[in-house]
Amino acid sequence: MDSLLLRSLQSYVLDTFGTASWHEVCSAAGVTVPAFEPMLRYDPGTADRIAEVAAGVLGRSVDTIWEDVGIYLVTNPDREGVRRLLRFGGTGYADFLHSLEELPGRARLAMPHLEAPELTLDEVGPDRFELRCKSPLRGLQRVLVGLLTAMADDYGALCVIEPDADGCTKITVLDRQHTEARQFHLALPEG
């Protein structure tokens, strides 16, 4: 999982802040090759360490960096595949939330060696959910917060999303149809 987070962090910094900023992050982190490959294995915790360095270089908190990475993965047009994978979770935001427990298994279909986190969702009341993420990667919960936020916008839902220090994220859906949802078609357009 470190490799995917590292590649996502790299892409986010390059696309948002530019090559010079990414090279500054790599230099400050002591990384000699400034490109992370998603199919390679890296030492556990490398993604969290590089994110800490990026936070210092970019003048943002590490939580903000990881949440922005999650938002970036859904909203960046070059990452449309991530959005599509997530939208297959259902026609509404609540359906999407319920599909999250299946996400690690779906990801392992594409990348069998992936050490995906364990996700569990509990519906604790009407339009109230708790998502638990069990992973040794500290930043993963915040990436999920960013994904949840971007997907709420994608579905047109108004939500309050509150992560806690124990790996539990509380999601309250205030309005399922707050705005018009982004267009989504099962089949990719021809062209």
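Probing with 1.4 Å while keeping every protein chain in the model, the per residue accessible area of region 1-118 equals 49 Å². Springs between Cα atoms under 10 Å define the GNM used for the chain, and in it the highest mean-square fluctuation of 35, 181, 165 occurs at 165. Based on alpha carbons, the Rg and Dmax found for region 36-106 are 14.8, 40 Å. Each 5 Å bin from zero holds the following percent of Cα-Cα pairs in region 1-79: 3, 17, 29, 29, 17, 4, 0. For region 75-86, backbone phi angles converted through the Karplus equation (6.51, -1.76, 1.60; θ = phi - 60°) give residue-by-residue couplings of 9, 6, x, 6, 10, 4, x, 5, 4, 4, 4, 6 Hz, Gly and Pro being listed as x. Averaging the Cα positions of each part gives two centres, and for region 7-54 and region 120-147 these lie 25 Å apart. The helix-based estimate of mean residue ellipticity at 222 nm for the chain, built from -39,500 (n - 2.57) per DSSP H run of four or more residues and divided by its residue count, is -15000 deg cm²/dmol to the nearest 500.
If R0 equals 35 Å, the separation of the Cβ atoms of residue 124 and residue 84 corresponds to a calculated FRET efficiency of about 0.75. Simple point charges give the picture: +1 on the Cβ of Lys and Arg, -1 on the Cβ of Asp and Glu, and for region 1-138 a dipole about the Cα centre of about 260 debye. Convex hull volume per residue, computed on the Cα atoms of region 124-174, equals 64 Å³. As a length-normalised measure over Cα pairs under 8 Å and 6 or more apart, the relative contact order of the chain settles at 18 percent. Largest accessible area first, the listed residues 25, 31 line up as 31, 25 when surface is computed with a 1.4 Å probe on the assembled protein chains. Candidates 20, 178, 86 compared by Cα position along the dipole of the chain: farthest toward the positive end lies 20, with charges placed on Cβ.
The values are calculated or read from the model by the stated rules, or taken from the named source; none is laboratory data. Since the model is a prediction, treat every value here as computed from it, not as a measurement. With ideal geometry, Cβ positions are generated from the backbone for all residues, glycine too; neighbour counts draw on all protein chains shown. Side chains included, ligands, DNA and RNA excluded: accessible areas come from the protein's heavy atoms. Shrake-Rupley method; radii C 1.70, N 1.55, O 1.52, S 1.80 Å.
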